[in-house]
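Contents: one structure, followed by commentary.
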Amino acid sequence: MAFIIPFIIMILLPLFFGKKKQQNIEIFKEHSVSEVKNAAELGDAEAQYNLGLAYYTGSEVPQDCKKALSLWEQSAGQGNAEAQFILGAAYQSGEYVSQNYEKAAFWLKKAAQQGHVMAQCNLGVFYNNGAGVPQSDEKSAFWYLKAAEQGEPRSQFNFGVACYNGAGVLQDYEKAVYWYQKAADQGNHFAQYNLGLCYGKGLGVPKNREKALFWIQQAANNGDIQAKNALRQGII
């Protein structure tokens, strides 16, 4: 039975900020550009973050991604979790800065310690893969669980994998199924496929071919290649 942990690539910054752009416009409905710039120059971390967002997206100010990163670094240094997460994403992707997994992990950890769910999710992946930090199944599972408890589906799946394999936590098929179910209910096709396999083998749940087929079909409907192959080959 194949259970995998995919390396969760950080959301690309253009996509991330495409979704944030409307938020940025709303901010500047309440405050003028000059007000936000003045606040940023006076060291206001939230203003620095939002002005960086404006420069990155080109909203209200000319687009200047390097200036955006400079402002986020200032904000992150003052403890702004969103800026810390974004800075980690930039160092991971190597966008407008030299790619540096150590710096990426440093800033992700800062944000994760403040409860930033996507930072926790990705920090778990960093520890799983030994990217920028020493490889540690225990720390990987720890951060997956933190994000999973906040409802993040990829972390729910990955923590389920950790429970299934006994990687950094005690092996526990029932817990694995619990977290697969949480992620599957949110449409995560990896979790749907693994949940189907668990029902097919009776691991952590009573064996149930009908439920196995249901979840593997759900995964296939969501584009999961392994699920499609399983259905085509009739292995369930």
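Highest mobility in the GNM of the chain, judged by mean-square fluctuation with C-alpha springs under 10 Å and restricted to CYS198, CYS65, CYS121, is found for CYS65. Its relative contact order, with pairs defined as Cα atoms under 8 Å and 6+ residues apart, puts segment 116-180 at 26 percent.
Say the dipole of the chain comes from +1 at the beta carbon of Lys and Arg and -1 at that of Asp and Glu; which of PHE159, CYS121, TYR180 then lies farthest toward its positive end? About the Cα centre, the residue reaching furthest to the positive side is TYR180.
Estimated at the nearest 10 Å², the accessible area of LEU213 is 50 Å² with a 1.4 Å probe. Apply the a/c threshold of 1.5 to the C-alpha gyration tensor of segment 36-97 and tell me whether it is rounded, prolate or oblate. Verdict is oblate for segment 36-97. Heavy atoms only, probe 1.4 Å: what % of the accessible area of the chain goes to carbon and sulfur, would you let me know? Roughly 50 percent of what the probe reaches on the chain is carbon or sulfur.
Extending 7 Å from Cα along the Cβ direction at GLN78 and again at VAL33 yields two label points whose distance is 2.1 nm. Dividing the helix sum by the residues of the chain, where each DSSP H run of 4 or more adds -39500 (n - 2.57), gives a mean residue ellipticity at 222 nm of -22000 deg cm²/dmol. Per residue, the chain exposes 48 Å² of accessible surface when a 1.4 Å probe is rolled over the protein heavy atoms with every protein chain present.
With a/c under 1.5 counting as rounded, go ahead and sort the chain into rounded, prolate or oblate using the C-alpha gyration tensor (a ≥ b ≥ c being the square roots of the eigenvalues; past the cut-off, prolate if a/b is larger than b/c, else oblate). In terms of gyration-tensor shape, prolate.
Under the classification rounded if a/c is under 1.5, otherwise prolate if a/b is larger than b/c and oblate if not, where does segment 149-227 fall, given a ≥ b ≥ c as square roots of the Cα gyration tensor eigenvalues? Since a/c reaches 1.5 but b/c is at least a/b, the shape of segment 149-227 is classed as oblate.
The values are calculated or read from the model by the stated rules, or taken from the named source; none is laboratory data. None of the values given here were measured: they were computed from a predicted structure. Cβ atoms come from the backbone with ideal geometry, glycine included; neighbour counts cover every protein chain shown. Accessible surface areas use protein heavy atoms only, side chains included; no ligands, DNA or RNA. Shrake-Rupley method; radii C 1.70, N 1.55, O 1.52, S 1.80 Å.
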